[in-house]
Each structure stands twice: as C-alpha cells, then as structure tokens.
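Engineer: Mind looking over this structure? Questions follow.
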Amino acid sequence: MSPIFQTERRGHSEIPIDLMESIRREEIRDVPQSSMDRKKLKLTLALAAYAILALIATFTLDGVVRTALWIFFIGLAAKTVAHSHDDDM
C-alpha cells in the first residue's frame with residue numbers, strides 16, 4: 001500500500017515533504033541574511049553576556065572584587081564595541 005502523501009526521511013522519522021519545505025523556509029528565514037546582520041548579532045550576544053556576568057557578580061560578590069569586575073566588564077564591553085566599529089570600515 002502506497003502512502004497518501006510523499007515523505008522524506010529525517011533522522012529516525014518520516015516527515016511529509018510539504019512540511020519539510022515549510023521547515024526549510026523557516027530555517028532560511030531565521031538565518032541572518034548578510035554578514036552585517038551576523039556581526040550585529042554577535043555584538044549583541046557578547047554585550048548581553050557581559051551584562052549577565054556583571055549582574056551575577058552584583059548579587060554574589062561584594063566590596064572591591066565586585067567593583068573591579070564591574071570595571072573589567074565595562075572595559076571589555078567598550079573594547080568589544082570599538083572593535084566592532086573597526087570591522088565596519
């Protein structure tokens with residue numbers, strides 16, 4: 001007996017071809033289209049990571065160590081932003 005619809009094997013399961021096409025379109029749509037978008041995404045993720053780490057330091061550390069880490073993360077963020085602007089030229 002033949003299936004009513006065509007399927008494609010992906011991993012251990014079979015997925016209808018129409019569904020595969022829509023998944024592929026979604027995957028393509030989610031990927032940044034230009035290198036500029038990728039650079040912006042990387043910059044945003046790096047700055048978010050610095051902010052999260054600084055926030056963790058805020059609640060877990062105190063005194064001089066916390067202040068030193070804040071200064072370190074601010075310097076790291078400034079250097080990251082400056083480096084991202086150098087790549088644009």
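Every number here is computed from the coordinates shown, using simple stated rules; none is lab data. In this text, all values refer to a predicted model and were calculated from it rather than measured experimentally. In this analysis, Cβ positions are derived from the backbone assuming ideal geometry, glycine residues included, and neighbour counts consider all displayed protein chains.
Engineer: Using only the alpha carbons of region 34-89, what is the convex hull's orientation-averaged projected area in square nanometres?
Structural biologist: Its Cα hull, projected and averaged over all orientations, spans 3.6 nm².
Engineer: Continuing with the same structure: Along the Cα→Cβ direction, 7 angstrom out, place labels at T80 and K40. What is the inter-label distance in nm?
Structural biologist: That separation, rounded to one decimal, is 1.7 nm.
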